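Asks: Sending over a structure as structure tokens; questions will come in a sec.
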Amino acid sequence: MKKILLLFIALTFNNIEAQEVKTLTYFQNDTLKLDLDLYLPKKKAGEKIPLIMFAFGGGFSGGERTNEKDFGKFMAKNGYAVASISYSLYMKGKDFGCKGTLTEKIKAIQIGVSDMWQATAFMIENVDKYNLDTSKIFISGISAGAEIGFHASFWDYKLMNLYKSNLPENFKYKGFIGGSGAIQDINLITKEKAIPMLLAHGNNDDTVPYAAGSHRSCPTNASGWLILFGSYAVYNQMTDLHKDIELITFCGGGHEFSGYLFHQGQQYVLDFVNDVLNGKKFQSHLIVPSKNGKSSGKYLFCE
């Protein structure tokens, strides 16, 4: 019996480890080299694999694509490929806060988004090599990475892309998973452009606004003042448009919940992508009460 148990453990371990992780260069010129880590599930004959593009957080000045390797492994174990990308940290050594420069902050987002588009195009060019399904490409990110995800999903590609135009005409991500992210213009999310979303955010976040507000809570006279529309504003926009949206609100929570979906909440992500691919319709708002005694803020649903 003991030998059978040990054999079972060994086979289970080998099955998990049979997933592949490949490091690939998706963009390179004379001064810049950008890589991604591709987490691949075990191949199934005749079955194309859905793909999740992922961007880490760090204020466009820090962070590593390897930070969320557990998320990549979890999704690969459940049949999804994950491409965790490096992107240009334009704000490294610069002020991304209230004393920074507004145009520099927007440029940082634009460069990060263009890198994400480049990475997505690279994966599309290599779909046959890795058995991927181009009609099932999701985008995701944490904090700054979620800002990349929002804008990559809704910005005008031809207008805002800084590199060669290489995504297919009318390309659209299948869905977006965002942790404590925001978008510059809520009106970019239209009935025609809307895609299913899973969002998580603390309603007392003073780094990235939960609703409509200024980035880093900067005053209006600050040189780095930037208005952003966070997860709750996006949730209201999507419900008004009768589009698929799931929001998890951490009442009293701050920016520390930005990575929740990719750490403790991985099952929410798996359920979300499964629901989207199965054609399920949904609109939900999960409210998580505060456990830290902080004020729940101005939202009655948090009282």
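Asks: State yes or no: is GLY149 within 19 Å of LEU226 (Cβ to Cβ) and in contact (Cβ under 8 Å) with a residue 60 or more places away in the chain? Spell out how you get there, then give the answer.
Replies: Values: within 19 Å of LEU226 (Cβ to Cβ): yes; in contact (Cβ under 8 Å) with a residue 60 or more places away in the chain: yes.
It is true that GLY149 is within 19 Å of LEU226 (Cβ to Cβ) and in contact (Cβ under 8 Å) with a residue 60 or more places away in the chain.
Asks: Scanning for something of a type outside the set (S, T, N, Q) and surrounded by fewer than 22 Cβ atoms within 10 Å (Cβ to Cβ), does the stretch 135-144 turn up at least one residue? If you could, list the steps in order and put the result at the bottom.
Replies: First, pick out the residues of the stretch 135-144 that are of a type outside the set (S, T, N, Q): 136-139, 141-142, 144.
Filter again for surrounded by fewer than 22 Cβ atoms within 10 Å (Cβ to Cβ), leaving 136.
Checking the stretch 135-144: at least one residue is of a type outside the set (S, T, N, Q) and surrounded by fewer than 22 Cβ atoms within 10 Å (Cβ to Cβ).
Asks: In addition: Six or more apart or on different chains, Cβ atoms under 9 Å: show the pairs whose first residue is in the stretch 87-114 and free of Cβ contacts under 8 Å to residues at least 40 places away in the same chain and under 21 Å from ASP35 (Cβ atoms) and whose second is of a type in the set (Val, Ile, Thr) and open to solvent by 10 Å² or more (accessible area, probe 1.4 Å).
Replies: Hits for this filter: TYR90/ILE111.
Let's see how each residue does on (1) closer than 25 Å to ARG65 by Cα; (2) polar (S, T, N, Q); (3) modelled with pLDDT of 95 or more:
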position: TYR235; (1), (2), (3): no, no, yes
position: THR239; (1), (2), (3): no, yes, yes
position: PHE250; (1), (2), (3): no, no, yes
position: GLY259; (1), (2), (3): yes, no, yes
position: LYS281; (1), (2), (3): no, no, yes
position: SER290; (1), (2), (3): no, yes, no
position: SER295; (1), (2), (3): no, yes, no
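The values are calculated or read from the model by the stated rules, or taken from the named source; none is laboratory data. None of these values were measured; they are calculated from a predicted model. No Cβ is skipped: glycine too gets one built from the backbone with ideal geometry, and neighbour counts run over all protein chains shown. For the accessible areas, the whole protein counts, side chains as well, though only heavy atoms, and no ligand, DNA or RNA atoms are used. Shrake-Rupley method; radii C 1.70, N 1.55, O 1.52, S 1.80 Å.
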